[in-house]
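Scroll down for the structure; my scribbles are underneath it.
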Amino acid sequence: MPELPEVEITARRLEAALEGAQIDSVVAPGMVAMKSFDPPLDALVGERVGAVRRVGKMPVVEVGELALLVHLMSAGRLQVFDKRASLKDRRSRVLIRLADGRELRLREFGTRQRAWAKLMPASAVADDEMVATLGPEAWPAPPAEVIARAIHQPRHLHPMLRDQRVIAGIGRSWVDEILWEAGLSPFKRGSDLGDDEVERLGAALSLLGGAIDHYEEVIGDTVPDKLPMPLRVHRRQGEPCPRCGATLEAVHYAEYVMTYCPDEQTEGRVLKDRRLSRLLK
């Protein structure tokens, strides 16, 4: 799933490639790709692309006085192509065709087809439900007191930090990295964190900025389908911890894996794997 660093580099590369480009036509072959109908997609025709930015994990493409808010979900990609896609391309969700022959294409891999877009006045983006309910942006990291207020809930850190209403931009990959960097158990409750632990959590959010810097160095003008994510612990269970050398462990859920270091995060305890728990029932 594209998270804050991945969407940030996508927005930067799209703006560099698209700013000033004129839109020739727009089609939405995805059956439920568009979550809005007024204004219609045709309102983009003849307009020029302006800024491309990010809010949370969502790209925002500004076109004249309008804005296209995109949610990539778990498998969506927003990319520029030199040639136009066939309407029979099952991965294509929204196709914004440019006068110079290029195409801004919202694609989605897999069969679930959950990525979507909304077209609205640019001035209305901040009031959209998906934006208005976001918590503070995870990058740049908010002050410690803001983080403390946001996470002061009797909820486990791992799912809570992925809740966009608490802190915006973190998903299943970077939450593992952040909690490992901070030395915090994924199952510790936010309301149980002391001041020092909140400080460590805030400092660990700098990993997101580091990832963006990494992408700026290694990614060219076009963002690839699969980004070279600089992950040190996520999905590396069975490997040695990069800091202490202990074996990284994981808890497997239906749709994701949570990776952690027992020695540094859970006081040496190996947490129960949910796959084994289901087999024993």
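The values are calculated or read from the model by the stated rules, or taken from the named source; none is laboratory data. As the structure is a computational prediction, the values presented were derived from the model and not from experiment. Because the Cβ atoms are built from the backbone with ideal geometry, glycine has one as well, and the counts that use them run over all protein chains shown. Only protein heavy atoms, including side chains, enter the accessible area calculation; ligands, DNA and RNA are left aside. Shrake-Rupley method; radii C 1.70, N 1.55, O 1.52, S 1.80 Å.
Figures for the structure shown
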| read-out | value |
| --- | --- |
| R0 of 51 Å, Cβ-Cβ distance GLU19-GLU267: FRET efficiency to nearest 0.05 | 0.50 |
| Spatial extent of the chain: Rg and Dmax, with the Cα atoms as the point set, Å | 20.3, 61 |
| Equivalent-ellipsoid semi-axes of region 100-163, from the Cα gyration tensor, Å, largest first | 31, 18, 12 |
| Gaussian network model of the chain, springs between alpha carbon atoms under 10 Å - residue of MET58, MET31, MET130 with greatest fluctuation | MET31 |
| Kyte-Doolittle mean at least -1.0 and Cα axial length at least 15 Å: DSSP H helices in the chain | 4-18, 172-182, 206-218 |
| Equivalent-ellipsoid semi-axes of region 30-153, from the Cα gyration tensor, Å, largest first | 29, 17, 13 |
| Whichever lysines have a C-alpha closer than 30 Å to that of LYS57, once near sequence neighbours (fewer than 8 apart) are set aside | LYS35, LYS83, LYS88, LYS118, LYS188, LYS226 |
| Loop-exposed GluC sites (Glu not before Pro) per DSSP, neighbour cap 11 Cβ within 10 angstrom, longest uninterrupted part of the chain | 1-254 |
| Candidates ALA254, ALA115, ALA168: whichever shows maximal mean-square fluctuation once the chain is modelled as a Gaussian network with Cα springs under 10 Å | ALA254 |
| Dimensionless Rg over Rh [region 1-94; C-alpha; Kirkwood] | 0.93 |
| Computed Kirkwood radius, in angstrom, where 1/r is averaged over Cα pairs of region 132-186 | 11.3 Å |
| Fraction of accessible area attributable to carbon and sulfur, the chain (%, probe 1.4 Å) | 50 percent |
| Solvent exposure of region 51-169 as accessible area per residue, Å², 1.4 Å probe | 45 Å² |
| Label-reachable residues, region 173-199, where backbone N falls under 11 Å from a point 7 Å from CYS244's Cα toward its Cβ | 183-185 |
| Under-5 Å amide H pairs with THR247, H placed in peptide plane, nonlocal only | CYS241 |
| The chain: most fluctuating residue of VAL80, VAL218, VAL27 per GNM, C-alpha cutoff 10 Å | VAL218 |
